Every structure is written in structure tokens, then in C-alpha cells.
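K.L.:
Sharing a structure, written as C-alpha cells. Questions coming.
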Amino acid sequence: MMKVFICPECGGMTAVSRRKQLFCHKCSGVQMVSPRLTYSKYIEMDGRQRKDYAESWLYIRKHTGNH
């Protein structure tokens, strides 16, 4: 099963299979988290939609205290 991960620092997104933990290579090993975004929705998005999703996710995370 494919899983989507997002970096809580830079918002970088990636999809992987078989991994339960993933670390952001851009942010010196920050542990990435799995958002409530399915792989099927992720692959339907274009680059702009993915960027918008990441920005919104970071904003909500920062302003709700869900760290």
C-alpha cells in the first residue's frame, strides 16, 4: 500500500510503499508525518494542488497547535 508523507517543516510531500517512517532529506532528517490524504487523492492532484495542500496543512498545523 502506498502512503503519503509530508514534512512538518518545509511541507515537502512524497509517496512511498512499505515504509512506516520517513525523514525529510531537505530538512536535515526531520521526521515526516502522514496527513489525512489518501494516495489516490494525491496522484489526482497536479503540482499546484499539492503545493496548496501542503501550505494549508502547514498553516492549520501551526495555528491549531497540532505539532
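The values are calculated or read from the model by the stated rules, or taken from the named source; none is laboratory data. The structure presented is a predicted model; accordingly, all values stated were derived computationally and were not measured. When we count neighbours, we look across all protein chains shown, and the Cβ atoms used for this are built from the backbone with ideal geometry, even at glycine.
K.L.:
Would you check if there is a residue in the range 49-66 being modelled with pLDDT of 95 or more and small (Gly, Ala, Ser)?
P.N.:
Checked against the condition, which is being modelled with pLDDT of 95 or more and small (Gly, Ala, Ser), the range 49-66 yields at least one hit.
K.L.:
Let me ask something else. Taking the options Leu58, Leu37, name whichever one is assigned to a loop (DSSP other than H, G, I, E, B), under 11 Å from the mean Cα position of the chain (by Cα) and at negative phi.
P.N.:
Every option except Leu37 fails the conditions.
K.L.:
Output the residues belonging to the range 1-25 that are in contact (Cβ under 8 Å) with a residue 40 or more places away in the chain and in a loop (DSSP other than H, G, I, E, B).
P.N.:
Pro8, Gly11, Gly12 - these are the residues of the range 1-25 that are in contact (Cβ under 8 Å) with a residue 40 or more places away in the chain and in a loop (DSSP other than H, G, I, E, B).
K.L.:
In the range 2-52, how many are more than 23 Å from Lys62 (Cβ to Cβ) and out of contact with any helix residue (DSSP H, G or I) (no Cβ under 8 Å at 6 or more places or on another chain)?
P.N.:
Counting residues in the range 2-52 that are more than 23 Å from Lys62 (Cβ to Cβ) and out of contact with any helix residue (DSSP H, G or I) (no Cβ under 8 Å at 6 or more places or on another chain) gives 11.
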